[in-house]
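The values are calculated or read from the model by the stated rules, or taken from the named source; none is laboratory data. Computed from a prediction, not measured in an experiment: that's the story for all the values here. Virtual Cβ from ideal backbone geometry, glycine too; neighbours counted across all protein chains shown. The area values use the complete protein model at the heavy-atom level, side chains included, leaving out ligands, DNA and RNA. Shrake-Rupley method; radii C 1.70, N 1.55, O 1.52, S 1.80 Å.
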Amino acid sequence: QRNVLANVFGLGTALTLTKDDVALTWVPLVHDMGLIGGLFTSLYWRCPLHVMPPQTFLMHPYLWLKNITQYKVTLAAAPNAGYQLCVRRVHERHLAGLDLSRWRLALNGAETVHPSTVEAFCEKFKAVGFDRRAMCPVYGLAENTLATACPEVSDAYHLDSMEGAGPVVALGGPLAGQELAILDDRGDVRSERTLGEIAVRGACVMAGYFDDEAASQRVIDKNGW
């Protein structure tokens, strides 16, 4: 319970949520993005949440955008594949009647965020009011309850450069009450914009894997990373 409350508080604070926001999710409620990022966060911050069956989105992705229009949604999240599906399967005839201008937070997480997908989505739907500043790539992991890194909502989506890698999507910094570090093979903290292992510490980190002490000891060190 403490993990969840800390996580939804940090997420809502980072996203500047209020009861005037309106959320929509098709991500299954058995997935941490749907359950914690969708249901629990909406309950905590007292903003209404509309829930679509996942199969409805997968079969007819334009209905997600239609519902965003109809219910004047301001917050909707999906993995990168969801945005890619909209790029591929929402056709010109589906754009009539869409208005995405109220959508201020299009969270993109749960898997690798591909620059090509984000660019294609922003370009395709700008004609129906989608503002590229609404695109909000985020990072999380179930071992940290869910939300871990998020950009400032005032920051436009942008790419960054990394030593030894091509352009990557910037995912912002740690949420309130959390710490992030990039570690080398010896567990020492590396400098910014270098490759390494992502480590997180704070109020949202799990106590351990259920009924698997050995696995828990492998991933949580003596310093709480």
Check your understanding: When the range 169-196 is examined, which residues are found to be in contact (Cβ under 8 Å) with a residue 24 or more places away in the chain and in contact with an Asp or Glu (Cβ under 8 Å, 6 or more places away or on another chain)?
Key -> Val169, Ala170, Gly172, Leu183, Gly187, Arg193, Thr194, Leu195
Practice item. For the range 62-82, enumerate the residues that are hydroxyl-bearing (Ser, Thr, Tyr) and either touching a Pro at 6+ places or on another chain (Cβ under 9 Å) or without any contact (Cβ under 8 Å) to a residue 12 or more places away in the chain (or both). Key: Tyr71
Review point. When you go through Ala106, Ala127 one by one, which is the residue that is touching a helix residue (DSSP H, G or I) at 6+ places or on another chain (Cβ under 6 Å), among the hydrophobic types (A, V, I, L, M, F, W, C) and touching a residue at least 24 places away in the same chain (Cβ under 8 Å)?
Key: Ala106
Point to revise | Looking only at the range 164-187, and only at residues there that are open to solvent by 70 Å² or more (accessible area, probe 1.4 Å) and out of contact with any strand residue (DSSP E or B) (no Cβ under 9 Å at 6 or more places or on another chain), the one that is modelled with the lowest pLDDT | key: Gly164
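Only one of Glu152, Glu123 is within 15 Å of Ala14 (Cα to Cα), open to solvent by 80 Å² or more (accessible area, probe 1.4 Å) and not polar (S, T, N, Q); which? Break it down stepwise before answering.
Working: Glu123 fails: within 15 Å of Ala14 (Cα to Cα).
Step by step, each of Glu152, Glu123 is checked, and only Glu152 is within 15 Å of Ala14 (Cα to Cα), open to solvent by 80 Å² or more (accessible area, probe 1.4 Å) and not polar (S, T, N, Q).
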Practice item. Considering (1) farther than 24 Å from Thr16 by Cβ; (2) open to solvent by less than 70 Å² (accessible area, probe 1.4 Å); (3) under 23 Å from the mean Cα position of the chain (by Cα), say which one Ala215 fails and leave the rest. Key: (3)
Review point. Mind checking which residues of the range 19-47 are open to solvent by less than 60 Å² (accessible area, probe 1.4 Å), out of contact with any Cys (no Cβ under 6 Å at 6 or more places or on another chain) and assigned to a loop (DSSP other than H, G, I, E, B)?
Key: Val22, Trp26, Val27, Pro28, Cys47
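Taking the range 149-167 on its own, how many of its residues are more than 22 Å from Trp103 (Cα to Cα), touching a residue at least 12 places away in the same chain (Cβ under 8 Å) and either within 15 Å of the chain's Cα centre (by Cα) or not in a loop (DSSP other than H, G, I, E, B) (or both)? Talk me through it step by step, then tell me what you get.
The first filter runs over the range 149-167 and keeps only residues more than 22 Å from Trp103 (Cα to Cα), leaving 160-167.
Adding the requirement that they be touching a residue at least 12 places away in the same chain (Cβ under 8 Å) leaves 160-165, 167.
Still in the list and also either within 15 Å of the chain's Cα centre (by Cα) or not in a loop (DSSP other than H, G, I, E, B) (or both): 160-162, 165, 167.
Result for the range 149-167: 5.
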Check your understanding: Just a yes or no: is a residue in the range 127-148 outside any loop (DSSP other than H, G, I, E, B), of a type in the set (S, T, N, Q) and at pLDDT 90 or above?
Key -> yes
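Please verify whether the range 197-206 includes one or more residues that are open to solvent by less than 80 Å² (accessible area, probe 1.4 Å), free of Cβ contacts under 8 Å to residues at least 60 places away in the same chain and part of a loop (DSSP other than H, G, I, E, B). Can you show your working first?
Just the residues of the range 197-206 that are open to solvent by less than 80 Å² (accessible area, probe 1.4 Å), to begin with: 199-206.
From what's left, free of Cβ contacts under 8 Å to residues at least 60 places away in the same chain: 199-201.
Of the ones still in play, those that are also part of a loop (DSSP other than H, G, I, E, B) are none.
No.
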